[in-house]
Amino acid sequence: MRNYKSFLKSPAIMVICFSLFYLNISAQQKPWKVPAEFNTMKNPVAKGEVSNKSGMALYTKNCASCHGKAGLGDGVKSRMLKEFPGDFSGVAYQDQTDGEHFYKTKFGRGEMPKYEGKLADEDIWNVVNYMRTFKK
């Protein structure tokens, strides 16, 4: 029992525990302010199979490498990012408005690239519709 207690008090274990704690904190996303006009913006693209199919193709090509196939933030590039790319299946994401998702996708921030000029607005709306299918 004594060896176990001294093991837990060792400097190496303390450093490992601190590192894990730090990584957990740094993996959380920082608040992302969205201009008010986007918060209330309505999605002009009807939700449904056609939009989801288009959104899925665009998401797979442009988003899945960081955000993961199911939007869990576990894409192959996610390990190289400084910030966690987010979990689209969770309540924190799903409770945001379509306009907020549109803004974040169109204009980006930090490691999240902007898709303004790369994707048409209608395509971004299709991606937003598809990402809504990631609910837990």
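Coordinate-derived values only; no laboratory data. Since we're looking at a predicted model, the values are computed, not measured. Because the Cβ atoms are built from the backbone with ideal geometry, glycine has one as well, and the counts that use them run over all protein chains shown.
Would you mind ranking 125, 32 so that the residue whose beta carbon has the fewest other beta carbons within 10 Å leads the list?
Numbers: 125 25, 32 13.
Exposure proxy ranking, most exposed first: 32, 125.
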Task: Label-point separation in nm, residue 65 to residue 94, each point 7 Å along Cα→Cβ - done: 2.9
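Which shape class applies to the range 29-72: rounded if a/c is under 1.5, otherwise prolate when a/b exceeds b/c and oblate if not, where a ≥ b ≥ c are the square roots of the Cα gyration tensor eigenvalues?
On the way: a/c = 3.03, a/b = 1.17, b/c = 2.58.
Here the range 29-72 falls in the oblate category.
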Open item on the list: For a Förster distance of 35 Å, can you work out the FRET efficiency between the beta-carbons of residue 114 and residue 135, rounded to the nearest 0.05?
Closed with: 0.85
TODO: Using a Förster distance of 22 angstrom, determine the FRET efficiency expected from the C-beta separation of residue 53 and residue 81, and round it to 0.05.
DONE: 0.20
Task: Global form of the range 31-134, assessed from the alpha-carbon gyration tensor, a/c cut-off 1.5 - done: rounded
